[in-house]
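Trainee: I'd like to ask some things about the structure below.
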Amino acid sequence: MEEFMARKVIGVAFLIAFLLGCVAEGLAQKLHPRLKKKEVGLKSLLLIPPRVTITKDTVKGGEGMLKESEDSEKAIQRLVLDILKSRGFTVIDCDVPAGSPNTNEEERYLLADLQGRYDQMYLQVQNKIKDVEKGRFTLGEDVAKIRLPSPVDALIFVRGSGSVPTTGKLFFGGGWAGSSILISFGVIDARTGDVLYFDRREFIATPGDLKRPEVMFKKVTGKALKKLPAPAQNQS
Amino acid sequence: MIRQEAIMSEKNKTLLVIRAFIFFLFALVSTGLSQNVPAQNTQKNEPFAFTKVELSLLEQCDLLDRRFEKEGLVYTDEALNAYLAQIGKSIIPPGEPPEHVQWRFRVLRDPATNAFALPNGSIYLHSGILSSLENESQLAAVIGHEVAHVLGRHSYKENRSYRKKIAAINVIGTVARSVPGGGVASVIALGAASTARIFLTISIYHHSQDLEREADLFAAERLLDSNYDPKEMLALFKLLDRDYDVEQIEPFYSDHPKLQERIAYVDQLLKSKSPNAVSVESLAAARTRYLMMTEKISRHDIQLNFDNRRYRTALARSQKLVNFNPNSSENMCYLADSYRLLGPNTMEPTGEELSPDGRKKLLEMKRKLTPDEEERTRMETAAGQSAWKTNRADAEEQYRKALELDAYNAVAHRGLGMLYERMEKPQQAIEEYRKYLELKPDASDRMIIQRRLDALPLK
């Protein structure tokens, strides 16, 4: 009886390890047909401030982790900039702090509205990621309203969300079920608003991992941007 | 014999676990449900002992305030903020704010008809609620409701209750899972755990409803004591229930009491007390003041409704603006834009759309289809074609009226250009787009309009 139970536990442990391994790998990476056929080239990119929402999953329910979420946003921002610059892209960082003298209210509102519009579209992309390959999703021509010192080819949106379980929750709440972090990268055509490239991955993290967000997000960010086609030549 | 003992011991263990489980179940469910005692009077300003969790919650609220601002979600208008603070001051009971509360009244750029309060005293009024309210008394009622949540420490109370119940759900689940499987005992234990989960979830909502009721009654009391019309609170409830774009689905259980219930208990309170005498002239002046102060944010909100595909709501808000200030070319232009963007949709939701199945279908459509696909789908129907015919005629008429009021209204020319482009009248569209670019050479969408112009066939 005991031997049977032990085998059962080992079997379940293997299954969990296998599933975790699958989850840790990239789940989806899709390219717009125009990008695939190289009808559109990317050289200069505008990085829209990433948005990350992580919560702590405790025995007594979810708890906000706003500070850790903000730290993660900053870490991802630095990682994306470094990775893309090292690949030869020109990247403009579009971080607009409140009250910045370089911007006015209208520009901040415009950026907020674009972020909101991306979030709406993001839900639909999530439903059918493979349709990115059919060129089905667009943010619309309003993306061209962003004023920049020089034109860019595409805008990069990053979204992260998920929860990290505490030890107590792991014990009482039935293990890791439902506890993971989802991160996605969307590259949007700066003229038409079309989704040119979309990558989504999921991984498991603990509250301790959030203390070093650069380390936690480094691998996934690198993998996510790896298949973005190399910078186009003869582009602004 | 040894085998027999082992079996007995396993049986005893199972019985023990079941007993422990039943004890836990009753103990925790009764703890959870005991939270549902009617909430205490908000006006009593009782001392409140902050726990570590609550101090952490306060920190999160301050971060959230900053995040809203940083992300461009807070609408900045000093005059409007001062006006909201003035109404807030008239509603908040005199005296120092409670510990860890600093009153702040802000406008959130969100077209949903909503408002909320953070426990640190930040009260956020959505642009959607400001553009839908009709007068100052209704605004005072909304602020009063949110002030009650802060003064009554409702967020903390709700959080305490929620945490206890969620912990109970988790512990019950764990105990249930620990009952050895394969027998009737485990089935009973898991079934009881599921039942307990449902009861605890319902009790969370019950607690929220109690707090909402308390906030409503506090707001009504404050209106009775101030120079506002308390009856407007009843009108406010009906107004909040308007669902132009058919977005609400009747939930299984809501954290707010039902509309009829809210109207009934507030009405009962109003009938039991005599309000301050406020002259009709004073109320009319307050109404005009409210509409003047919120004209700009209402326009801003209409644009947010456009962005969120809430075209019927945008139409209702624009019509309200035109009714208030019919001589404004800008207001007229928003009305015209609303008709144009309404496209193949009817002005009011149809009976079919309002049925439970219709609501589900609409939500499903919005979830699955992109805006372009949704419009194409509607346009393929006879009803869609008919609505588009009416809406485009109304749009053109309103654009013309806007230009009669102000011949230099560039936005009206742009709107007409877009309307003609959609109606496949390229020459007229080109003319209007050119006028727009002439009148507004530094427009933020200059490139977009130029591209549209370049794509249109010249004669």
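The values are calculated or read from the model by the stated rules, or taken from the named source; none is laboratory data. Quick caveat, the model's predicted, so the values are computed rather than measured. FYI the Cβ positions are ideal-geometry reconstructions off the backbone, even for glycines, and counts take in every protein chain you see. All accessible areas refer to the heavy atoms of the entire protein, side chains included, with ligands and DNA or RNA removed. Shrake-Rupley method; radii C 1.70, N 1.55, O 1.52, S 1.80 Å.
Trainee: Anything in the range A:186-203 that is acidic (Asp, Glu) and within 14 Å of chain B (Cβ to nearest Cβ)? List them, or say none.
Mentor: Residues satisfying the conditions are A:Asp189, A:Asp194.
Trainee: Let me ask another. So which residues in the range B:267-294 are out of contact with any Asp or Glu (no Cβ under 9 Å at 6 or more places or on another chain) and among the charged types (D, E, K, R), if there are any at all?
Mentor: Selection gives B:Asp267, B:Lys271, B:Glu281.
Trainee: Being open to solvent by 60 Å² or more (accessible area, probe 1.4 Å), under 37 Å from the mean Cα position of the chain (by Cα) and of a type in the set (Lys, Arg) narrows it down to one of B:Arg422, B:Arg434, B:Arg452, so name that one.
Mentor: B:Arg422
Trainee: Pull up the range B:126-173, narrow it to residues that are within 14 Å of chain A (Cβ to nearest Cβ) and modelled with pLDDT of 90 or more, then point me to the one that is farthest from B:Phe68 (Cα to Cα).
Mentor: For the range B:126-173, the residue satisfying everything is B:Gly128.
Trainee: Consider the range A:130-164. How many of its residues are more than 12 Å from chain B (Cβ to nearest Cβ), surrounded by fewer than 19 Cβ atoms within 10 Å (Cβ to Cβ) and in contact with a Ser or Thr (Cβ under 9 Å, 6 or more places away or on another chain)?
Mentor: So the count comes out to 2.
Trainee: Do we have B:Gln43 as part of a helix (DSSP H, G or I), modelled with pLDDT under 90 and of a type in the set (S, T, N, Q) here?
Mentor: yes
Trainee: Which residue, of B:Ala336, B:Ala412, B:Ala383, B:Ala395, is part of a helix (DSSP H, G or I) and under 30 Å from A:Asn127 (Cβ atoms)?
Mentor: Step by step, each of B:Ala336, B:Ala412, B:Ala383, B:Ala395 is checked, and only B:Ala383 is part of a helix (DSSP H, G or I) and under 30 Å from A:Asn127 (Cβ atoms).
Trainee: Further question: Of the residues that make up the range A:100-121, is at least one touching a Lys or Arg at 6+ places or on another chain (Cβ under 7 Å) and more than 9 Å from chain B (Cβ to nearest Cβ)?
Mentor: no
Trainee: Here is a check on your reading of the model: is B:Asp357 part of a helix (DSSP H, G or I), out of contact with any strand residue (DSSP E or B) (no Cβ under 9 Å at 6 or more places or on another chain), open to solvent by 20 Å² or more (accessible area, probe 1.4 Å) and more than 13 Å from every other protein chain (Cβ to nearest Cβ)?
Mentor: In short, yes.
Trainee: Which numbered condition trips up B:Leu270, out of (1) in contact with a Pro (Cβ under 6 Å, 6 or more places away or on another chain); (2) open to solvent by 50 Å² or more (accessible area, probe 1.4 Å)?
Mentor: Against the list (1) in contact with a Pro (Cβ under 6 Å, 6 or more places away or on another chain); (2) open to solvent by 50 Å² or more (accessible area, probe 1.4 Å), B:Leu270 comes up short only on (2).
Trainee: Can you work out which of the residues in the range B:214-231 that are among the charged types (D, E, K, R) and in a loop (DSSP other than H, G, I, E, B) is surrounded by the most Cβ atoms within 10 Å (Cβ to Cβ)?
Mentor: Looking at residues that are among the charged types (D, E, K, R) and in a loop (DSSP other than H, G, I, E, B), I get B:Asp229.
Trainee: Can you tell me which residue is farthest from B:Asp77 (Cα to Cα) among those in the range B:300-317 that are at pLDDT 95 or above and open to solvent by 40 Å² or more (accessible area, probe 1.4 Å)?
Mentor: Of everything passing the filter in the range B:300-317, B:Tyr311 is farthest from B:Asp77 (Cα to Cα).
Trainee: Which of the residues spanning the range B:84-131 are open to solvent by less than 10 Å² (accessible area, probe 1.4 Å) and assigned to a helix (DSSP H, G or I)?
Mentor: Hits for the range B:84-131 are B:Leu84, B:Ile87, B:Gly88, B:Ile91, B:Ser127, B:Gly128, B:Ile129, B:Leu130, B:Ser131.
Trainee: Would you say A:Asn127 is open to solvent by 20 Å² or more (accessible area, probe 1.4 Å), at the interface with another protein chain (Cβ under 8 Å from one of its Cβ atoms) and at pLDDT below 90? Steps first, please.
Mentor: Values: open to solvent by 20 Å² or more (accessible area, probe 1.4 Å): yes; at the interface with another protein chain (Cβ under 8 Å from one of its Cβ atoms): yes; at pLDDT below 90: yes.
The answer is yes for A:Asn127.
Trainee: Could you give me the residue pairs with C-beta distances under 8 Å whose first residue belongs to the range B:425-448 and is away from chain A (no Cβ under 14 Å) and in contact (Cβ under 8 Å) with a residue 24 or more places away in the chain, whose second residue is open to solvent by 20 Å² or more (accessible area, probe 1.4 Å) and acidic (Asp, Glu) wherever it lies, and which are 6+ apart or on separate chains?
Mentor: Pairs that qualify, where the first residue is away from chain A (no Cβ under 14 Å) and in contact (Cβ under 8 Å) with a residue 24 or more places away in the chain and the partner is open to solvent by 20 Å² or more (accessible area, probe 1.4 Å) and acidic (Asp, Glu), are B:Ala429/B:Glu421.
Trainee: Condition first: open to solvent by 10 Å² or more (accessible area, probe 1.4 Å), at the interface with chain B (Cβ under 10 Å from one of its Cβ atoms), outside any strand (DSSP E or B) and closer than 23 Å to A:Pro165 by Cβ. Now tell me which residues in the range A:49-72 satisfy that.
Mentor: Answer for the range A:49-72, where residues must be open to solvent by 10 Å² or more (accessible area, probe 1.4 Å), at the interface with chain B (Cβ under 10 Å from one of its Cβ atoms), outside any strand (DSSP E or B) and closer than 23 Å to A:Pro165 by Cβ: A:Val59, A:Lys60, A:Met65, A:Leu66, A:Lys67, A:Glu70.
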